[in-house]
Each structure stands twice: as C-alpha cells, then as structure tokens.
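Since every read-out is calculated from the coordinates, none of them should be taken as a lab result. Remember, predicted model here, so these are calculated numbers, not experimental data. For neighbour counting, all protein chains shown are included, and Cβ atoms are generated from backbone atoms with ideal geometry for every residue, glycine included.
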Amino acid sequence: EDRKLLKTYRFPDWVQAQEFVVAAGAIAEAENHHPDLLLAWGRVGAEIFTHRINGLTESDFILAAKADQAL
C-alpha cells in the first residue's frame with residue numbers, strides 16, 4: 001500500500017510460522033523498529049511502516065529486507 005509494506009510469508013505448518021515470528025521479533029528488537037505481525041497456521045502477515053509518521057522511511061525497507069533473510 002502507499003504508506004505500508006505488506007507481505008504474507010507462507011510456511012508448511014504452525015511451528016515454522018511461529019519460529020519465523022520469533023526470528024523476525026529478534027531482528028525488530030535489534031533494529032528498534034517493530035512491525036505488526038499476524039501469526040496464523042502456516043502463514044505470517046507482516047505490516048511494516050513507521051508509526052511516528054504513518055508512512056515509510058528507509059528503516060522500514062531495511063527491516064523488511066532483514067525479515068526476508070530470516071527465512
């Protein structure tokens with residue numbers, strides 16, 4: 001969307017989706033930039049944006065790239 005990065009990550013089961021949330025959470029904490037994550041069976045929805053400005057900054061794209069690497 002215009003002001004958010006949205007992505008759905010797909011996994012074969014709940015455990016792998018949950019493990020991704022834990023890994024993405026550790027990355028977010030290290031970056032001090034926290035996405036909205038929705039954990040469901042076999043998938044994780046991620047919504048990344050900078051709440052302070054209700055839009056996108058460079059750190060949003062950095063966090064998204066690092067989350068992709070956590071797969």
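Between the Cα long axis of helix 14-31 and the first principal axis of the chain there is an angle of about 30°, rounded to the nearest 10. Quick one: Debye curve from the alpha-carbon atoms of the chain only, equal weights, vacuum; give me log10 I(q)/I(0) at q = 0.17, 0.24 Å⁻¹ to two decimals. Results for the chain at q = 0.17, 0.24 Å⁻¹ read -0.56, -1.04.
When the GluC sites (Glu not before Pro) in the stretch 1-50 are filtered for DSSP coil states and for at most 13 other beta-carbon atoms within 10 Å of their beta-carbon, the remaining sites are Glu1.
Computed from label points 7 Å out along Cα-Cβ, the spacing between Gln16 and Ala30 is 2.2 nm. On full extension, the segment bounded by Ala65 and Arg3 gains 20.6 nm, given 0.36 nm per residue less the C-alpha separation.
Under a Gaussian network description of the chain, with springs only between Cα atoms under 10 Å, the residue in Gly25, Gly45, Gly55 that fluctuates furthest is Gly55.
Please give the contour-minus-distance gain from Thr50 to Leu38: 0.36 nm per residue of separation, less the Cα-Cα distance, rounded to one decimal in nm.
Values: separation 12, 0.36 × 12 = 4.32 nm, distance 1.73 nm.
My answer for the length gained is 2.6 nm.
The charge dipole of the chain, taken about the Cα centre with unit charges on the Cβ atoms of Lys, Arg (+1) and Asp, Glu (-1), comes to about 120 debye, rounded to the nearest 20.
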